[in-house]
């Protein structure tokens, strides 16, 4: 299972319809949060995602709308009895940010909060997948992130196994899990009955950014690209000045990277009640585009190939 829940989809200002930026990924029960705007813990409650299995918060940058939910989330978990450590990872300044929260807030927590600073290209390994920091182009030090699962085993060729004289049963299972087996004093290797390894799933989150080549490279064949789509194309000059992207610019990245789905987020308050201008601009060159709504959930399915 790999689900993405859009807890907050607003731009720099929250609106009655949209909370500040926060995106939650749930993979096999483990939770990872990308950015943590004000009220993130309440959005998690509304979405019924839980929060005690949250192990990492990845911050794209330290603008207030992306970080001010951290103290409240930590304190809520403390009241719920959390004991396991939590890691907050982000660009330069993240260690100082976490230390500052510790110094100005009276926390009741009994769990460690660890801070980690990342540079583009740095990788955080988890069980079965990794999160890589991506270079982006914003007005302050900023990172995007690529969540990429490990390669999966290829498909098991039952007919080939039977042709080799392997009886159905435990030996099938060993071969499927990459173990060689012995039959009639002859070794049979997994590659004789298994297809080529299959790719895992990939999600890219840009944070706030202008369109840039590193995001396009990281997004190649991604299952989901979550891109800054703050403004309509008619606002391109303002997007350049504020270091954001228009919907059309994000769609061009998605098209060139051959992603399967594009979700626009960080929606400017201009479009909080009517996102049709953003959607129209994006669909001119990339049809499978969605503008995120708060509490929207997307399931990323395994690939067949």
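The values are calculated or read from the model by the stated rules, or taken from the named source; none is laboratory data. As the structure is a prediction and not an experimental result, all values here were calculated from the model. As a convention, Cβ positions derive from the backbone with ideal geometry for all residues, glycine included, and neighbour counts pool all protein chains shown.
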Of (1) within 30 Å of residue 56 (Cα to Cα); (2) not assigned by TED's automatic domain parsing to the domain that holds residue 87, residue 131 satisfies every one except (2)
Determine which member of the set 183, 175 is loosely packed, with under 15 Cβ neighbours inside 10 Å and outside the structural domain of residue 143 (by TED's automatic domain parsing). 183
Qualifying positions in the range 253-300 - assigned to a loop (DSSP other than H, G, I, E, B), in contact with a strand residue (DSSP E or B) (Cβ under 8 Å, 6 or more places away or on another chain) and free of Cβ contacts under 8 Å to residues at least 40 places away in the same chain: 260, 261, 275, 286, 288
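Which one of 154, 178, 169 is at positive phi and out of contact with any helix residue (DSSP H, G or I) (no Cβ under 6 Å at 6 or more places or on another chain)?
On the way: 154 fails: at positive phi; 178 fails: out of contact with any helix residue (DSSP H, G or I) (no Cβ under 6 Å at 6 or more places or on another chain).
Exactly one of 154, 178, 169 is at positive phi and out of contact with any helix residue (DSSP H, G or I) (no Cβ under 6 Å at 6 or more places or on another chain), namely 169.
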Can you pull out the residues in the range 178-219 that are in contact with a strand residue (DSSP E or B) (Cβ under 6 Å, 6 or more places away or on another chain), in contact (Cβ under 8 Å) with a residue 12 or more places away in the chain and assigned to a loop (DSSP other than H, G, I, E, B)? 200, 201, 206, 207, 208, 209, 219
Here are the criteria: (1) modelled with pLDDT of 95 or more; (2) touching a strand residue (DSSP E or B) at 6+ places or on another chain (Cβ under 6 Å). Tell me which single one residue 97 does not satisfy. (2)
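Among the residues that make up the range 25-39, is at least one of them more than 17 Å from the chain's Cα centre (by Cα) and either within 24 Å of residue 264 (Cα to Cα) or outside any strand (DSSP E or B) (or both)?
Going residue by residue through the range 25-39, those that are more than 17 Å from the chain's Cα centre (by Cα) are 38-39.
Applying the additional criterion that residues be either within 24 Å of residue 264 (Cα to Cα) or outside any strand (DSSP E or B) (or both) yields 38-39.
Checked against the condition, which is being more than 17 Å from the chain's Cα centre (by Cα) and either within 24 Å of residue 264 (Cα to Cα) or outside any strand (DSSP E or B) (or both), the range 25-39 yields at least one hit.
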Being buried (at least 17 other Cβ atoms within 10 Å of the Cβ) and at pLDDT 95 or above is the filter here; which residues of the range 271-283 pass it? 271, 275, 277, 278, 279, 281, 282
